[in-house]
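A short reminder: the numbers here are calculations on the coordinates, not readings from a lab. Model, not experiment: these values are computed from the prediction. We place every Cβ from the backbone using ideal geometry, glycine too, and count neighbours over all the protein chains shown.
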Amino acid sequence: MRVAMVLGFLLASSLVAQQPPTAASVTEPGRTLARPLDIVLGGPSTTPQERTVIVVVDPAASLVKAGFATAFATAVQQNQKQLANTKLGLGVVGQKGVLVVPPTTDHGTVLTQLRSSLDRPAAEFQNVYADLRTAAAAFPSGSGDRVLLLVTLENGDVEDDVEQTATLLRKGRIQVEVLTSEATLADNYWAARPYQEKPRGTTLTGPDTAVIDLPWGWLFQVRAANECTPAGFAMWGLTRLAAATGGRVFLHAEASQTAHQCAVFARCLFCTGDHMPPDDAWSNGLVNQLGPLATSRGDTYAALGSDPYFRAMVDTWKAAAEAGLVQSQPGIRVTTAGAAPDRARPGRDLDLTDTASFDRHRKRAEEAAQKAQQLGDELQQQLDRIDAGKGIPREEAAARYTRVLLQLTRVNLLTFAAWCRDIAPAQFAKNAPAPLAPEVPAVDGEQRPAGIGFSNFCLCHGVRPFFAIELPGGEALRPELEKLDQLYTTFQSRYGKSQFGYALRRNGIAQFWVTFPGIAAKLPRNRPKSENDQTGPITPRRPPREGGSSAGGSSGPTTGGGK
């Protein structure tokens, strides 16, 4: 019996060891500047020892606003004893050669130069990974701990070669500690903006994952919920460096970022936005469980390719894109041999809002609604066949989220079809009342409709309150709303206190109206430069970004161990 118990323990231990590391294993709790600086500068114990710490600072305006120079000076003062045998160096992202103060025991020089460097904040995209590789060569040879503290609140999304950087730092026995801002969930921001200028030789990424593992751009959603959902973790590239070198990730957020926001890209129909939903307080354990993999992209592809939930979700995602239900295609293809990168293509455009052809739009919407029901039912059947505990928890959450979004999209399509059939044509009948805003024509006397606009009422209060709202479709829509309510409630009972539950609440029921010339006109599409156009700057300026924790969205908790 004892032998059997020992063998069972060893087997269980080996299974745990085989689990790939996630961002939760390297992400520390808290949102302040003081704690990470105290931990990193204070070292692993209270006993002074020989160490070299090079601080590489990305001098963005957000870091200046956070008061980093003052916080760093305070941490140095409070850890004088622990820093007695520590050489401090300073690097500045974007500076030639990166290093502005070689490692020295004259800590005052580092503080002076740090303040001077932050007096000139930068707003350009910067490749911090290339600068880290340069900074690695500045460590002196010999024994002692070698720590590189990267402080960047803006530029973890500018990638060239993350794995090359991780390999170089690991070979140099350099432990990377990262102080950064929180990413957004499976962030699709740059994927939706492929023509954005970026530093030469780099790619703009930015999600908390190695690959975007959640469908984005659902039909009749004003913006992707991913863009305003805090991930609970940093951008994948920064997490990867910490995980590969035995370091840690510390997140920073302004005080305003922790405040609840009822609706971001949508409107709340049932309150003024000052309430606190019952599941708004996140569960650290659940957020931890749903953390993204911290492995290389190659290892991540291998793990996703063998995960039954991801395989089911990505097949449905592709079919939904081809049907026009979602504007994005997965940037990954799954075969019998596993998974591999794929060129991300736009989804099919159903062309439901560009004109005022109400009858044509109704027919297309009804057909698309049938397809949403088919895909939702097929995905549910696949999910029901997967044995519990046989997949990655995060990918199960993503697959079940996709199931709910298919039903929500079906509801919006049926509502749209009913609006095109019963409401929109009546606005142009002989005795129709004068239109109200936002339907008022831009030009007096011009009554010819140009297209269709829409907005969202968010699901912050769930689906059930909409039972009392008069939506297009009337009683015929009620069974679909009840089905959506059941799916929503089941999902939130399991994932409501997590980043996925937060994302689901940021989607919404659509409202429609007729647009006229000059109202909700289409924005011009930014196309890539031709060969005859002037080449852009090597470091183009970073445009302002709406939504997400970097622009004032609510922040979730971080997970991980203590000091």
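General observations
- Computed over the stretch 276-415, the quotient of the alpha carbon radius of gyration and 2.2 N^0.38 Å is 1.19.
- Under-5 Å amide H pairs with residue 149, H placed in peptide plane, nonlocal only: 54, 55, 56, 177
- Computed FRET value (nearest 0.05) for residue 84 with residue 281, which takes r as the C-beta separation and R₀ as 35 Å: 0.25
- From phi via Karplus (6.51, -1.76, 1.60), per-residue ³J(HN,Hα) for the stretch 497-502 in Hz, x at Gly/Pro: 8, 9, 5, 6, x, 4
- On the principal axes of its alpha-carbon atoms, the stretch 298-523 has extents of 62, 38, 27 Å, going from largest to smallest.
- Full extension of the chain segment joining residue 32 with residue 388 gains 124.4 nm, where the gain is 0.36 nm per residue of separation less the Cα-Cα distance.
- Residues with amide H under 5 Å from that of residue 326, placed H, sequence gap 5 or more: 219, 321
- For the stretch 183-195, 3J(HN,Hα) per residue [Karplus equation, 6.51 cos²θ - 1.76 cosθ + 1.60, θ = phi - 60°, Hz, x = Gly/Pro]: 7, 9, 5, 6, 4, 9, 4, 6, 4, 7, 10, x, 9
- Ascending count of other beta-carbon atoms within 10 Å, so fewest first, for 361, 461: 461, 361
- Restriction of the trypsin sites (Lys or Arg not before Pro) in the stretch 327-362 to DSSP coil positions whose beta-carbon has at most 16 other beta-carbons within 10 angstrom yields 343, 348.
- With the simple spin-label model, which puts each label point 7 Å out from Cα in the Cβ direction, the residue 96 to residue 337 separation comes to 4.8 nm.
- Anisotropy class of the stretch 146-187 from Cα gyration tensor, a/c 1.5 cut: oblate
- The simple Förster model, with R0 at 35 Å and r as the Cβ-Cβ distance, assigns residue 345 and residue 164 a FRET efficiency of 0.80.
- More than 24 Å apart - percent of Cα-Cα pairs taken over the stretch 61-165: 25
- Relative packing of peptides 382-393, 213-224, 135-146 - highest average C-beta neighbours within 10 Å first: 213-224, 135-146, 382-393
- Peptides 122-133, 406-417, 504-515 ordered by average Cβ neighbours within 10 Å, highest first: 406-417, 504-515, 122-133
- Dipole of the stretch 33-258, positive direction: furthest Cα of 102, 40, 245, with charges on the beta-carbon: 102
- Antiparallel bridge percentage (DSSP; both residues within the stretch 33-258; nearest 5): 20
- Scoring 366-377, 182-193 by mean Cβ neighbours within 10 Å over their residues and listing the highest first yields 182-193, 366-377.
- Using θ = phi - 60° in the Karplus curve 6.51 cos²θ - 1.76 cosθ + 1.60, the 3J(HN,Hα) couplings for the stretch 154-164 round to 10, 10, x, 8, 9, 9, 10, 8, 5, 5, 4 Hz; x is entered for Gly and Pro.
- For the stretch 82-241, the spread of Cα positions along the three principal axes, ordered from largest to smallest, is 59, 33, 31 Å.
- A simple spin-label model places pseudo-atoms 7 Å from Cα toward Cβ; at residue 467 and residue 494 they are separated by 2.3 nm.
- Translational D in µm²/s for the stretch 126-204 (Stokes-Einstein at 37 °C, 0.692 mPa s, Kirkwood Rh from C-alpha pairs): 234
- Lys, Arg +1 and Asp, Glu -1 on Cβ, resulting dipole of the stretch 33-258 about Cα centre, debye, nearest 20: 580
- Label-to-label distance, nm, for residues given as residue 105 and residue 119 (7 Å Cα→Cβ offset): 2.9
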